[in-house]
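Working notes, beginning with the structure itself.
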Amino acid sequence: MQQFDVKSIIQTSPVAHAQPRDSAKWEVINSMDTAVQFASAAIEDARKKVLGVADVSCLARYGVKGPNATQWLLERGIAIPTTPNSWTMCEQKTLVLRLGSSEFLIEDQLGGSACSRLASDTNRVASVYKVPRADAAFIVSGSEALNLLSELCSLDLREKSLAAKDLIMTQVAGISATVIRQTLNGEPVYRIWCDGTYGPYMWEVLIEIATELGGGAVGLVQYQSS
Amino acid sequence: MKLLTCPMNGTRPLSEFVFGGEYRQAPDQDTCTDAQWAAFVHNRSGAPGDKKEWWYHSPSGTWFIAERNTLTDKVTSTYLLGQKDTTQEAGK
């Protein structure tokens, strides 16, 4: 019987079924086949200024919860947001989202290594539980980003309502999602996470509205670099 | 749009919540009679009035208690189980 090494399996982005296989450029990032370019750099740049939507599901994630999760992360050098429903950056390359009083989502941006470091620590610690993550993740940016979100979300996501380090868990396009506002390369963007099985649906909804408003799909390299 | 206040996430549209049934304290199963246990399992009070109810904020996975008058549909307070002292007044 043929043996497979699960670590060598190339995953496909949970959003892939909704993305064009032929016209987009695909690359394997973090062992995940991901669409990294949808049009020429000039077109993507123009889309991004109006309303760019990028699939960043391939970024490495690590979920952990439990009464001792905060202490466990602090001992491993992870900066922790002080209050639930907030986020912070750790070592410039790692997003740390505090989803509750004792639940965290760590996401390495391209070039970050915190998640692999945490995952390699296989010692079991009392009251610390790993939470498997299979998120679809998106970046939405551009001058029309708020108009897109106002069609999909009933909460006010403007700067005066959604503070810089606030995290909200709400419904976007009718499904549960986590949303933050962040400044990437000097540009305000919204980050959205939802369950991976909803990824194609979320992508289709975002792209449909983005296209109506003059934007469209852009590759993640427009926002992230290692 | 109807609104409900989650004690962890703030005021949100009712569509983000799932009703979890009335909050009822089970009788001590070691000491109660069969009749008391059967009444707990099978009987519900449908009379309108002030009730404690379980509600679930589905985007964040938060279960909490809402005190609601089922006649007027007015929610007077919401709080995490066992944390009534930190009650948030509904709608604030």
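The values are calculated or read from the model by the stated rules, or taken from the named source; none is laboratory data. Remember, it's a predicted structure, so these values are computed and weren't measured experimentally. Backbone-built Cβ (ideal geometry, glycine too); neighbour counts: all protein chains shown.
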Open item on the list: Looking at the structure I just gave you, is residue A:47 part of a helix (DSSP H, G or I) and among the basic types (Lys, Arg)?
Closed with: yes
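Matching residues to (1) closer than 27 Å to residue A:103 by Cα; (2) of a type in the set (Phe, Trp, Tyr):
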position: B:3; (1), (2): yes, no
position: B:10; (1), (2): yes, no
position: B:23; (1), (2): yes, yes
position: B:41; (1), (2): no, no
position: B:45; (1), (2): no, no
Task: From B:74, B:52, B:84, residue being among the charged types (D, E, K, R), under 21 Å from residue A:100 (Cβ atoms) and away from chain A (no Cβ under 14 Å) - done: B:84
Open item on the list: The conditions are (1) hydroxyl-bearing (Ser, Thr, Tyr); (2) touching a strand residue (DSSP E or B) at 6+ places or on another chain (Cβ under 9 Å); (3) not in a loop (DSSP other than H, G, I, E, B), and residue A:150 fails exactly one of them. Which is it?
Closed with: (2)
Task: Leading residue by the ranking (nearest to the chain's Cα centre (by Cα)) among those in the stretch A:1-23 that are free of Cβ contacts under 8 Å to residues at least 60 places away in the same chain and closer than 20 Å to residue A:215 by Cβ - done: A:20
Task: Scope the stretch A:172-202; condition of a type in the set (S, T, N, Q) and surrounded by 20 or more Cβ atoms within 10 Å (Cβ to Cβ); matching residues - done: A:178
- [ ] For residue A:211, work out the one condition from (1) over 16 Å from the mean Cα position of the chain (by Cα); (2) hydroxyl-bearing (Ser, Thr, Tyr); (3) under 17 Å from residue A:137 (Cβ atoms) it doesn't fulfil.
- [x] (3)
Task: strands (runs of 3 or more DSSP E) wholly inside the stretch B:1-58 containing at least 1 residues that are in contact with an Asp or Glu (Cβ under 6 Å, 6 or more places away or on another chain) - done: B:17-22, B:50-57
Open item on the list: Take the conditions more than 14 Å from the chain's Cα centre (by Cα) and either assigned to a helix (DSSP H, G or I) or within 14 Å of chain B (Cβ to nearest Cβ) (or both) and apply them to residue A:161. Does it pass?
Closed with: yes
- [ ] Look at the stretch A:117-149 and say how many of its residues are without any contact (Cβ under 8 Å) to a residue 12 or more places away in the chain and within 14 Å of chain B (Cβ to nearest Cβ).
- [x] 0
Task: Filter pass, residue B:44 being closer than 28 Å to residue A:174 by Cα and either in contact with a Ser or Thr (Cβ under 7 Å, 6 or more places away or on another chain) or not hydroxyl-bearing (Ser, Thr, Tyr) (or both) - done: no
Task: Within the stretch B:77-92, considering residues that are part of a strand (DSSP E or B) and surrounded by 14 or more Cβ atoms within 10 Å (Cβ to Cβ), the one modelled with the lowest pLDDT - done: B:88
TODO: Restricting attention to the stretch B:17-29, report how many residues are among the hydrophobic types (A, V, I, L, M, F, W, C) and away from every other protein chain (no Cβ under 13 Å).
DONE: 2
Open item on the list: Can you go through B:14, B:4 and tell me which one is within 14 Å of chain A (Cβ to nearest Cβ) and either surrounded by 14 or more Cβ atoms within 10 Å (Cβ to Cβ) or under 17 Å from residue B:71 (Cα atoms) (or both)?
Closed with: B:4
Open item on the list: When you scan the stretch A:188-196, do you find a residue that is part of a loop (DSSP other than H, G, I, E, B) and not β-branched (Val, Ile, Thr), even just one?
Closed with: no
Open item on the list: Quick check on the stretch A:166-183. Is at least one of its residues away from chain B (no Cβ under 14 Å) and outside any strand (DSSP E or B)?
Closed with: no
Task: Inter-residue pairs, beta-carbon under 9 Å, first surrounded by fewer than 17 Cβ atoms within 10 Å (Cβ to Cβ) and in the stretch A:30-57, second basic (Lys, Arg) and in a helix (DSSP H, G or I), 6+ apart - done: A:31/A:7
Task: Selected residue (criterion: nearest to the other protein chains (Cβ to nearest Cβ)) from residues of the stretch A:209-226 that are surrounded by fewer than 15 Cβ atoms within 10 Å (Cβ to Cβ) and either not polar (S, T, N, Q) or not in a loop (DSSP other than H, G, I, E, B) (or both) - done: A:212
